[in-house]
Structures are given as C-alpha cells and as structure tokens.
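Novice: Have a look at this one before I ask anything.
The values are calculated or read from the model by the stated rules, or taken from the named source; none is laboratory data. This one's a predicted model, so the numbers in the text were calculated from it and none came from an experiment. Counting neighbours? That spans all protein chains shown, and the Cβs are built from the backbone with ideal geometry, glycine included.
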Amino acid sequence: MAEKITYYAILVDEYTIDRPAGLLRRREAEDGAFVDEGLQKDMAWHRTGSVVEWEFGNYSNELEEVSEEDARRIIEDLRVRWSALS
C-alpha cells in the first residue's frame, strides 16, 4: 500500500473552504507513523504540529479535510495569492 495523504484547509475569520488561509497535510505510512506538514509561502512543505494540536482542541483555527483534487486547486490559488505579496 502506498503512503496515505490527507489534506486540510485552514479556515480563519473570512477565509472559506473555497479560499482558505492555508493548507496542511498528513502523510501516513503503512505502519501508522505520520508526518504533518504545512505549505509555506516558499511553496514547500514544512513540518508542523498544527494537525495534532487541532485534534486535541488546542489549535486556534478550524481545519476542514479536503480531497486531493481540492488540495491541488488550493495550492494553485495560494501560489497566485502569495506571489502577489512578493
């Protein structure tokens, strides 16, 4: 079985599932070990504890699981938005 990847949109204030503030993902190996990562403005994935914090109710933003297709769309949207800030 291949690695399982679950994506989460970050919802803050005026941000919605169609235009989230950011994107997180959980990469899970067959043995159950996982790594959580957040997409940063350099368009690279960096380790984060945000998903675990959210699972325990200690994350200030809301997360919503999204499909891989939606994640691709969100990545492109973030690329455009973040490049405009440079």
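Novice: Give region 11-37 a look and list any residue that's in contact with a strand residue (DSSP E or B) (Cβ under 8 Å, 6 or more places away or on another chain) and closer than 15 Å to E76 by Cα, or say none.
Specialist: If the condition is that a residue be in contact with a strand residue (DSSP E or B) (Cβ under 8 Å, 6 or more places away or on another chain) and closer than 15 Å to E76 by Cα, then I17, P20, A21, G22, L23, L24 are the ones that fit.
Novice: Check whether at least one residue in region 35-54 is in contact with a helix residue (DSSP H, G or I) (Cβ under 8 Å, 6 or more places away or on another chain) and of a type in the set (S, T, Y), and report yes or no.
Specialist: no
Novice: How many residues does region 1-17 hold that are in a loop (DSSP other than H, G, I, E, B), farther than 14 Å from S60 by Cα and either touching a residue at least 12 places away in the same chain (Cβ under 8 Å) or of a type in the set (K, R) (or both)?
Specialist: Of the residues in that region, 3 qualify.
Novice: Please name all residue pairs, on different chains or six or more residues apart, with Cβ atoms under 7 Å, provided the first residue is in region 18-46 and is in a loop (DSSP other than H, G, I, E, B) and the second residue is among the small types (G, A, S).
Specialist: P20/A9
Here is a yes/no grid of residues against (1) surrounded by fewer than 13 Cβ atoms within 10 Å (Cβ to Cβ); (2) hydrophobic (A, V, I, L, M, F, W, C); (3) at pLDDT 95 or above:
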| position | (1), (2), (3) |
| --- | --- |
| V12 | yes, yes, no |
| D18 | yes, no, no |
| L23 | no, yes, yes |
| E37 | no, no, yes |
| T48 | no, no, yes |
| G57 | yes, no, no |
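Novice: Considering region 63-86 alone, what residues qualify as being of a type in the set (D, E, K, R) and surrounded by 14 or more Cβ atoms within 10 Å (Cβ to Cβ)?
Specialist: Hits for region 63-86 are D70, D77.
Novice: What tally of residues in region 47-86 results from selecting those that are assigned to a loop (DSSP other than H, G, I, E, B), among the hydrophobic types (A, V, I, L, M, F, W, C) and within 12 Å of the chain's Cα centre (by Cα)?
Specialist: 0
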